[in-house]
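Q: Have a look at this one.
The values are calculated or read from the model by the stated rules, or taken from the named source; none is laboratory data. None of the values given here were measured: they were computed from a predicted structure. All Cβ positions, even for glycine, are placed from backbone atoms using ideal geometry, and neighbour counts span all protein chains on display. We work out accessible area using only protein heavy atoms, side chains counted, and drop any ligands, DNA or RNA first. Shrake-Rupley method; radii C 1.70, N 1.55, O 1.52, S 1.80 Å.
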Amino acid sequence: MDAPIIWDFEQITNITALPIDQDLLKITGGRFTTIANKAESNYTYYSRGIAVRRSHVLIEGLRHDIKDEGDHGAPYGGFINIGECAYVTVRNTILTGHQTYSTIGAAGKPVTMGTYDLSVNHAVNVSFINCSQTNNIDDTRYWGILGSNFCKNLLYDSCTLSRFDAHQGVANATIRNSTLGHMGINAIGSGLLKIENSTVRAKSFVNLRSDYGSTWQGEVLIRNCVFIPAGGKPIGSAALISGSNSGQHNFGYTCYMPERITIEKLRIDDSKHQNNYNGPAIFSNFNPEMKDETYQEKFPYVLTNKVMLRGVTTASGKALRISDNRFMFKNVKVEVN
């Protein structure tokens, strides 16, 4: 019952039942080194690592290194690749972020290409505990370490990693006692996104991915955290919640902002700011074209109802604002206790 079915289907054409293994399988120790491929930088994902396709698994004490990365290479789909299973824990494990390469995208222009050391897809109750990476979590030469799709109940606890990312959606995610690097927290999904006792060093505290409509149908709770915009580099702007939705594109579903956002005891270290800095905002400018009542959304974006603030402080001394786009968020109720 802690992972209920979250979608309604008008018609069901196929069902697959995967039994959950009852006995715990332990994979303990091991040091692995990937000698980076020198293939063309195309979307031909390499599978070199450990694929978890059964439930009740503990991976502990593993280390993964990467060597001989050059100026090009094909991406990897995750050294630890978890899918179609439940109750998987990765603990006391050291991983490595992959170098970012570029390729020519569908529009004929260069695009950066993601390659992962952790991948989680169609999985339930997956935990990463006391995990870290060998390279600097603030180094932008390396891609975000995690990619996930269609999961439920993901957990980071006591981790120091460059990114938490739910691409095509997660139902309920918890990040606690952790530090997130330059790619921060990226989320699409539903339920409760809870972030406690953690530090985020990205451009925003939580980024709602714009390629999926910046949708989170549920709540966000931020408690006892530190936000260091851009990892302490000089900034012109900073936002707690970022994303983008013009209201003109049909994503195939209604897009939501978190219905309620609760922020308790957040310290924003924005001491290194540029002269034009006006202070941090709760929301980034999700739709720069929405300036007044004349703007009409074809596919309305459902905005946040309420933001509750308690104990939010800034190193710059500048007050927390609603957004650069005050019109868009004019009906959002902000309570300060």
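Q: Exactly one of (1) loosely packed, with under 13 Cβ neighbours inside 10 Å; (2) part of a loop (DSSP other than H, G, I, E, B) is unmet by Thr313. Its number?
A: That leaves (2) as the condition not met.
Q: Considering only the stretch 267-303, state which residues are open to solvent by less than 50 Å² (accessible area, probe 1.4 Å) and among the polar types (S, T, N, Q).
A: Ser284, Asn287
Q: Does the stretch 37-50 include one or more residues that are in contact (Cβ under 8 Å) with a residue 12 or more places away in the chain, open to solvent by less than 30 Å² (accessible area, probe 1.4 Å), polar (S, T, N, Q) and farther than 30 Å from Pro19 by Cβ?
A: Within the stretch 37-50, one or more residues are in contact (Cβ under 8 Å) with a residue 12 or more places away in the chain, open to solvent by less than 30 Å² (accessible area, probe 1.4 Å), polar (S, T, N, Q) and farther than 30 Å from Pro19 by Cβ.
Q: If you don't mind, another one. Identify, from the list Ile175, Ile235, Ile185, the residue that is touching a Pro at 6+ places or on another chain (Cβ under 6 Å) and either without any contact (Cβ under 8 Å) to a residue 24 or more places away in the chain or open to solvent by 10 Å² or more (accessible area, probe 1.4 Å) (or both). Give the steps one after another, and end with the answer.
A: Working: Ile175 fails: touching a Pro at 6+ places or on another chain (Cβ under 6 Å); Ile185 fails: touching a Pro at 6+ places or on another chain (Cβ under 6 Å).
None of the others qualify; the one that does is Ile235.
Q: Can you find even one residue in the stretch 13-24 that is of a type outside the set (S, T, N, Q), in contact with a strand residue (DSSP E or B) (Cβ under 9 Å, 6 or more places away or on another chain), in contact (Cβ under 8 Å) with a residue 24 or more places away in the chain and under 21 Å from Ser148 (Cα atoms)? Talk me through it step by step, then tell me what you get.
A: Of the residues in the stretch 13-24, the ones of a type outside the set (S, T, N, Q) are 15, 17-21, 23-24.
Next, only the ones that are in contact with a strand residue (DSSP E or B) (Cβ under 9 Å, 6 or more places away or on another chain) stay: 18, 20-21, 24.
Remaining after also requiring in contact (Cβ under 8 Å) with a residue 24 or more places away in the chain: 18, 20-21, 24.
Next, only the ones that are under 21 Å from Ser148 (Cα atoms) stay: 18, 20.
Yes, that holds for at least one residue.
Q: Ok, one more. For the stretch 59-75, what are the residues that are part of a strand (DSSP E or B) and either of a type in the set (Lys, Arg) or open to solvent by less than 20 Å² (accessible area, probe 1.4 Å) (or both)? Walk me through how you get there before you give the answer.
A: Within the stretch 59-75, the first condition is being part of a strand (DSSP E or B), and the residues that meet it are 59-60, 63-67.
Hits for the stretch 59-75 are Ile59, Arg63, His64, Lys67.
Q: For the stretch 136-164, enumerate the residues that are crowded, with 18+ Cβ neighbours inside 10 Å, more than 26 Å from Arg54 (Cβ to Cβ) and of a type in the set (S, T, N, Q).
A: Ser162
Q: Among Gly243, Gly191, which is the only one that is within 20 Å of Val307 (Cα to Cα) and open to solvent by 20 Å² or more (accessible area, probe 1.4 Å)?
A: None of the other options fit; the residue is Gly191.
Table: residues versus (1) at pLDDT 95 or above; (2) more than 25 Å from the chain's Cα centre (by Cα).
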site: Asn275; (1), (2): no, yes
site: Phe283; (1), (2): yes, no
site: Gln296; (1), (2): yes, yes
site: Tyr301; (1), (2): yes, no
site: Ser316; (1), (2): yes, yes
site: Phe329; (1), (2): yes, no
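Q: Considering each of Asn245, Asn207 in turn, give the residue that is assigned to a strand (DSSP E or B) and either among the polar types (S, T, N, Q) or touching a residue at least 24 places away in the same chain (Cβ under 8 Å) (or both). Show your work before the answer.
A: Values: Asn245 fails: assigned to a strand (DSSP E or B).
Unique residue meeting the criteria: Asn207.
Q: Filter the stretch 77-119 for residues that are touching a residue at least 24 places away in the same chain (Cβ under 8 Å) and outside any strand (DSSP E or B); which is most open to solvent (accessible area, probe 1.4 Å)? Working first, answer last.
A: Filtering the stretch 77-119 down to residues touching a residue at least 24 places away in the same chain (Cβ under 8 Å) leaves 77-103, 112-119.
Checking which are outside any strand (DSSP E or B) leaves us with 92-93, 96-98, 100, 114-115.
Working: Asn92: 65, Thr93: 1, Thr96: 8, Gly97: 1, His98: 5, Thr100: 38, Gly114: 6, Thr115: 7 Å².
Ranking the qualifying residues of the stretch 77-119, first place goes to Asn92.
Q: In the stretch 268-293, which residues are of a type in the set (Ser, Thr, Tyr) and closer than 16 Å to Arg326 by Cβ?
A: Of the residues in the stretch 268-293, the ones of a type in the set (Ser, Thr, Tyr) are 271, 277, 284.
Within the stretch 268-293, Ser284 is the sole residue that qualifies.
Q: Among the residues of the stretch 248-259, are any part of a loop (DSSP other than H, G, I, E, B), among the charged types (D, E, K, R) and closer than 25 Å to Lys194 by Cβ? Talk me through it step by step, then tell me what you get.
A: Applying the first criterion (part of a loop (DSSP other than H, G, I, E, B)) to the stretch 248-259 yields 248-255, 257-259.
With the extra rule that they be among the charged types (D, E, K, R), the set shrinks to 259.
Going one step further and asking which of them are closer than 25 Å to Lys194 by Cβ, we end up with 259.
Scanning the stretch 248-259, I find at least one residue that is part of a loop (DSSP other than H, G, I, E, B), among the charged types (D, E, K, R) and closer than 25 Å to Lys194 by Cβ, so the answer is yes.
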